[in-house]
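A short worksheet on the structure shown next.
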Amino acid sequence: MPITQRANEDQTTLWNGVAGRAWVETQESLDRLFKPFEDLLVEAVAARHASRVLDIGCGTGSTTLAIARLLGTRGRSVGLDISEPMIALARTRAEHEGAHASFICADAQTHAFEPASFDMIASRFGVMFFDDSVRAFANLRHAAKDDAELKCITWRSTAENAFMTTAERAAAPFLPELPARRPDAPGQFAFADRGRVEGILKESGWTEIDIAPIDVACVLPERELVAYLTRLGPVGLILQQADDATRTRVIDTVRAAFDPYVHGTEVRFTAACWMVGARA
């Protein structure tokens, strides 16, 4: 089996299984944590005066719905994600809200988009998981109208995002099966290298590429920290299968490792990201 095909199948299995369920279970907490990024994308849509927006890797739909609220009846917000559990929740939320939003459960690399159907394509941490990023962004270029804008937020390096790897570093002595992060593999930090991202966009047909660093203050209630670190990320995934003794030992150790980020009732950290922009 080709490596890229296996990587794609791995991502499909992950986000339709334990990872997808974890994001559904922690949806409200994650929505609050990542709202500053959602706000940045909504502002970009407003500045663009876009009327038909595609949200890639929409997850449980928070950004898609925020864009739909902005557009109202004059436009349409469409979210796409590979995770059936997350898309199911997103659709329920849209129905409950009566939003002008729709959701597609599909792979952005291969989905048969209507050509030239969106005047803006956005993403909040949803474009780093492709096994073939050039193919994905070429397909998105096919879905974009001429002069459409691309606006995505992705993570910079692990070195600049110590909070995001605190759990792994603390748990490593107890979890020998913890996988090492590969910078070139699909995952949270796959777009850390600005030059690589620029190359992907150029090869897939995008122009006027602008990749700018942004540093965003994030806040999580301290009472939600244990749930966050035991359900999400590489450590959270392994802990869901761990025996009770290992789980207790890891949670105690990892929770203590987050103490530098705890300020009273809040957990605070700065997210080092890229604001990736381009034009069709």
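Taken together, the values in this text are just the output of simple stated rules run on the coordinates, not laboratory data. All values reported here derive from a predicted model rather than from experimental measurement. Using ideal geometry, Cβ is built from the backbone for each residue, glycine included, and neighbour counts are taken over all protein chains shown.
If you place +1 on the Cβ of every Lys and Arg, -1 on the Cβ of every Asp and Glu, and leave all else neutral, what size is the dipole of the range 112-162 about its Cα centre, to the nearest 20 Debye? The partial results should precede the final answer.
Values: 6 positive and 8 negative charges, 31 e Å.
Roughly 160 debye for the range 112-162.
Restricting to bridges with both residues inside the chain, how much of the DSSP beta-bridge set is antiparallel, in percent to the nearest 5? Mind dumping the intermediate values first?
Working: 22 of 41 bridges.
Restricted to the chain, the bridges split so that about 55 percent are antiparallel.
For the range 103-108, in order, what is each residue's ³J(HN,Hα) by Karplus, 6.51 cos²θ - 1.76 cosθ + 1.60 with θ = phi - 60°, in whole Hz (x at glycine and Pro)?
Working through the residues one at a time gives 9, 10, 9, 6, 9, 4 Hz.
When ranked by the protection proxy of mean other Cβ atoms within 10 Å per residue, highest first, what sequence do the peptides 191-197, 175-181 form? All intermediate terms of the calculation are to be shown ahead of the outcome.
On the way: 191-197: 18.1, 175-181: 12.4.
Output ranking for 191-197, 175-181: 191-197, 175-181.
If I model a spin label at Met164 and Glu208 as a point 7 Å from the Cα along the Cα→Cβ vector, what separation in nanometres do I get?
2.7 nm
Take His263 and Glu43, extend 7 Å from each Cα along the Cα→Cβ direction, and tell me the distance between the two endpoints in nm.
Placing both labels 7 Å beyond Cα along the Cβ direction yields 2.0 nm.
Place a +1 charge on the Cβ of each Lys and Arg in the chain and a -1 charge on the Cβ of each Asp and Glu, then give the dipole magnitude about the Cα centre in debye, rounded to the nearest 20.
Computed charge dipole of the chain: roughly 200 debye.
Using helices alone, I'd like the mean residue ellipticity at 222 nm for the chain: each DSSP H run of four-plus residues gives -39500 (n - 2.57), total over residue count, nearest 500.
Details: 12 runs with 125 residues, N = 280.
It comes out at -13500 deg cm²/dmol, rounded to the nearest 500.
Figure the gain on full extension for Ala106 and Asp215 (residue separation times 0.36 nm, minus the Cα-Cα span) and round it to one decimal in nm.
Working: separation 109, 0.36 × 109 = 39.24 nm, distance 3.08 nm.
Between Ala106 and Asp215, full extension yields 36.2 nm more.
³J(HN,Hα) across the range 235-241 via Karplus (A = 6.51, B = -1.76, C = 1.60, θ = phi - 60°), whole Hz, x for Gly/Pro?
5, x, 5, 5, 4, 5, 10
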